[in-house]
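FYI, it's all coordinate maths here, none of it is from the lab. What you see is a predicted model; the values in this text were computed from it and never measured. Because the Cβ atoms are built from the backbone with ideal geometry, glycine has one as well, and the counts that use them run over all protein chains shown.
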Amino acid sequence: MATPAYDIAIIGTGPVGCALALCLARRAPDPGRIALLGPEPAPCAEGRSVDPRTLALNHGSRALLESLDAWPAHAAEILTVHVSQAGHLGRTLIDHHDLGVPRLGCVVSYDEVLAALHAAARASGIERILERPGRPRPGRPVRLRVGDLDLDARAALVSDGERPRGLHREYGQHAVLSTIRASRPIPGRAFERFTRHGPLALLPHPDGGDLYSLVWCVPPDRARALEALDDDAFGAALQQAFGQRLGALGKIGAMHVFPLSMHAGPALRGTGVASVGNAAQTLHPVAGQGLNLGLRDAAQLADALAPWLARPDEDVQPALERFASRRRIDRGLTLAVTDTLPRVFATGNPLLRHLCGAALAALDLAPALRAPLARHLLQGQRH
């Protein structure tokens with residue numbers, strides 16, 4: 001059998017695919033045997049962002065990106081997170097001092113993170129193929145169709161572009177994204193407020209100390225109604241839902257809306273093929289865990305493949321199976337948390353809502369109860 005063109009083909013050039021490529025390049029004797037397949041991001045128009053999203057990256061994700069020389073120039077630190085429930089007593093405050101870290105996380109521009117990762121990938125020595133292949137065909141080797149050509153690799157690692165197949169839930173919610181200016185900002189503080197219709201998050205924004213990134217989860221008809229409001233009316237609606245903790249709130253950026261669902265599938269998809277990031281799971285945005293979980297996928301997959309990279313003529317499948325086994329606990333816990341929280345707090349059962357408020361109060365009063373959840377959201381399960 002002819003030697004495959006590459007040892008590893010990574011399909012998807014989003015943040016997780018690029019981070020995976022960089023992690024593997026650091027461990028590979030010959031980074032040129034690793035191919036990253038997919039287009040580069042479009043350049044940002046001056047004064048505009050191609051992608052309006054910001055990303056909440058936890059402490060562990062920042063440490064990973066810094067180690068890969070791919071941390072963006074601008075970031076807003078999250079030092080505390082204030083968690084509350086609209087209409088009920090009880091709240092909890094998670095502080096970075098309680099966990100012994102310099103910060104809980106940071107909020108960064110999606111565009112800046114992706115640009116930093118692609119710049120690092122161009123300097124890493126890996127092969128760049130600026131075209132997305134078709135679905136990989138498992139086997140020894142794995143075969144991919146790229147344009148009119150067939151390309152072989154010993155392993156194909158899919159990071160985005162395909163929806164996972166397996167678990168699926170529709171939340172009956174849309175996420176409303178925008179940028180908000182607050183008259184009384186609290187430096188370093190993020191807010192997660194659970195309302196009757198879904199969670200509402202305000203996160204420090206990297207573009208200014210009085211700016212916040214809004215993620216407001218509401219039913220589809222409410223999302224359409226919010227889209228139709230002018231800036232003043234939208235600010236008033238947000239003020240009613242959030243309260244007065246940050247003073248007057250006003251929308252200054254464009255609004256973007258997308259439906260929310262959960263999809264999760266197996267980490268292994270046949271001989272020589274594994275999934276990470278959005279190709280393995282897409283989550284509800286509550287607690288901002290999606291990309292953080294995907295970056296942990298990338299780091300642990302690179303760790304699992306490191307010994308094999310020195311002996312690529314050996315079978316790669318045992319290394320992929322070790323990776324899948326090690327990821328089960330972290331993936332399962334994170335899926336459970338992000339799937340349960342928005343549904344439990346949005347319940348119409350008044351007794352359950354009171355219990356949720358009591359639980360927040362208990363977490364605030366008992367650090368021993370709060371710490372395990374906070375630490376999982378901070379860094380996940382990395383072993």
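Among beta bridges identified by DSSP and lying wholly in the chain, the antiparallel ones come to about 70 percent. Across segment 152-167, coupling constants 3J(HN,Hα) worked out from phi with the 6.51/-1.76/1.60 Karplus curve, θ = phi - 60°, read 10, 9, 6, 8, 10, 10, 9, 10, 6, x, 10, 7, x, 10, x, 6 Hz, and Gly and Pro carry x.
Note on Arg169 and Arg224: the model spin-label points, each 7 Å out from Cα along the C-beta direction, lie 2.6 nm apart. Between Asp69 and Arg196, the FRET efficiency from the beta-carbon distance, with R0 = 45 Å, is close to 0.50. Annotation: peptides 71-84, 253-266, ranked by per-residue average of other Cβ atoms within 10 Å with the highest first, follow the order 71-84, 253-266.
This model, with +1 at the C-beta of Lys and Arg and -1 at the C-beta of Asp and Glu, gives the chain a dipole about its Cα centre of some 1020 debye.
Per-residue Karplus couplings for segment 282-287, computed as 6.51 cos²θ - 1.76 cosθ + 1.60 with θ equal to phi - 60°, are listed in order as 10, 10, 4, x, 3, 6 Hz, Gly and Pro entered as x. When peptides 298-306, 9-17, 317-325 are ranked by their average number of other Cβ atoms within 10 Å per residue, the highest-first order is 9-17, 298-306, 317-325. Sorting the segments 191-198, 154-161 by their residues' average number of neighbouring beta-carbon atoms within 10 angstrom, most packed first, yields 154-161, 191-198. Rounded to the nearest Hz, the phi-derived 3J(HN,Hα) couplings of segment 300-309 under the Karplus curve 6.51 cos²θ - 1.76 cosθ + 1.60 (θ = phi - 60°) are 6, 5, 5, 4, 5, 8, 4, x, 5, 4, where x marks glycine and proline. Under a 5 Å amide H cut-off, with hydrogens placed 1.01 Å from N, Thr54 pairs with Tyr110 among residues at least 5 apart or on other chains.
Label zone (Asp207, point 7 Å along Cα-to-C-beta; backbone nitrogen cut-off 20 Å) within segment 244-269: 248-258. The trypsin sites (Lys or Arg not before Pro) of segment 229-294 that DSSP puts in a loop, and whose beta carbon has at most 15 other beta carbons within 10 Å, are Arg245. Mean projected area of the Cα convex hull of the chain, taken over all directions, amounts to 19.1 nm². R0 = 25 Å: FRET efficiency of Arg132 with Arg53, Cβ-based, nearest 0.05? The pair Arg132/Arg53 has a calculated efficiency of 0.75.
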